[in-house]
Amino acid sequence: MEKLPKVALPVIVVVIILFVLIAKSAVTIDSGHAGVLYETLGDGVDPEKPALGPGFHIVAPWNRVIDYETRQQEVPEKMAVLSSNGLDIKLDASVLYEPDLSNLGRLHNEKGLDYLNRVLQPAVRSAARSVVGRYTPEQLYSSKRDAIQEEIFEETKKIVEPQYIKLNDILIRDVTLPPTIKEAIERKLKQEQESLEYEFRLVTAEKEAQKVRIEAQGKADANRILSASLNDRILQDKGIEATMKLSESPNSKVIVIGSGDSGLPIILGNQ
């Protein structure tokens, strides 16, 4: 077998080295992710440099790229907190968050990849303890849940956003009270509901009775006005008018026999 030319071996070595360097320099970042460039021969991560976006990138082989997911993420949180009267309350929540893309270098320098455990979760728990401690179990169980959720979100947001974490929402999925307290609250709510229903029936009955009284009063007033307006002369005229109409009927025979007590004729007979 023929020997390779002396110049071929160095060329092969150079090609291999170039291939390795190119392979180490090529970086592909997935959709929904961003990369922080760490310069080994420099000062590490430069917070002023923008993060590397999705796609193909060439970096110096002695540098490395730290990958961060930039899409909205969810972390479940189960917390044990105390109400205003010292009762143990358990909250089941979902925290929706994402890193601040425009400050990804600062986030990496100050908090690192583990920013969820170092910053976000402690902030949520602290805010939850602070907010829930201002409310009673009855308020947590019923009407104030949405307000409490909003307050926890706002307090957590104040803590984490200056630390380059975007908090999108906090959702309270469940509030668990001690069984005895829960049963007592449910009994109280049931009694209040029954009381409201009873009051509603009373108000309805009173309105109906008032309506009947008004109608009866109206009829009494109408009869009184009518009675006051009827004198003997009007009654006599009405009687004459009715007698004349009756006498004009083809089916009647009119026989006048003197007059009645009121001075009106008496009519007898018909067909």
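The values are calculated or read from the model by the stated rules, or taken from the named source; none is laboratory data. The model shown is predicted, which means the values in this text are computed figures rather than measured ones. Ideal geometry is used to build each Cβ from the backbone, glycine not excepted, and the neighbour counts take in all protein chains shown. What goes into the accessible areas is simple: the full protein's heavy atoms, side chains included, and nothing from ligands, DNA or RNA. Shrake-Rupley method; radii C 1.70, N 1.55, O 1.52, S 1.80 Å.
So, R0 is 22 Å and r is the distance between the beta-carbons of Ser130 and Glu74; what FRET efficiency does that work out to, to 0.05? Present the calculation step by step, with values, prior to reporting the outcome.
Details: r = 23 Å, r/R0 = 1.03.
For Ser130 and Glu74, the calculated efficiency is 0.45.
At 1.4 Å probe size, put Thr136, Thr156, Thr204 in order of accessible surface, largest to smallest.
Solvent-accessible surface, decreasing: Thr204, Thr136, Thr156.
Could you state how much accessible area Arg125 has, in square angstrom rounded to the nearest 10, with a 1.4 Å probe and all protein chains kept in place?
The accessible area of Arg125 comes to roughly 100 Å².
Could you give the length gained by full extension between Asp67 and Glu161, i.e. 0.36 nm per residue of separation minus their alpha carbon distance, to one decimal place?
Extra length available between Asp67 and Glu161 comes to 31.8 nm.
Multiply the residue gap between Thr28 and Lys90 by 0.36 nm, knock off their C-alpha separation, and tell me the result in nm, one decimal place.
Value of the extension gain: 18.0 nm.
Which residues' amide hydrogens lie under 5 Å from the amide hydrogen of Gly133, considering only partners 5 or more residues apart or on another chain, with H built in the peptide plane?
When sequence neighbours closer than 5 places are left aside, there are no close amide H contacts.
Heavy atoms only, probe 1.4 Å: what % of the accessible area of segment 73-177 goes to carbon and sulfur, would you let me know?
That share works out to 46 percent.
With a/c under 1.5 counting as rounded, go ahead and sort segment 73-177 into rounded, prolate or oblate using the C-alpha gyration tensor (a ≥ b ≥ c being the square roots of the eigenvalues; past the cut-off, prolate if a/b is larger than b/c, else oblate).
Verdict is prolate for segment 73-177.
Going by accessible area, probe 1.4 Å, with all protein chains left in place, what is the ranking of Leu116, Leu41, Leu82, Leu107, largest first?
These residues rank, largest area first, as Leu41, Leu82, Leu116, Leu107.
Could you give the length gained on full extension between Arg106 and Asn168, defined as 0.36 nm per residue of separation minus the Cα-Cα distance, in nm? Write out the running numbers ahead of the final one.
Numbers: separation 62, 0.36 × 62 = 22.32 nm, distance 1.98 nm.
So the extension gain works out to 20.3 nm.
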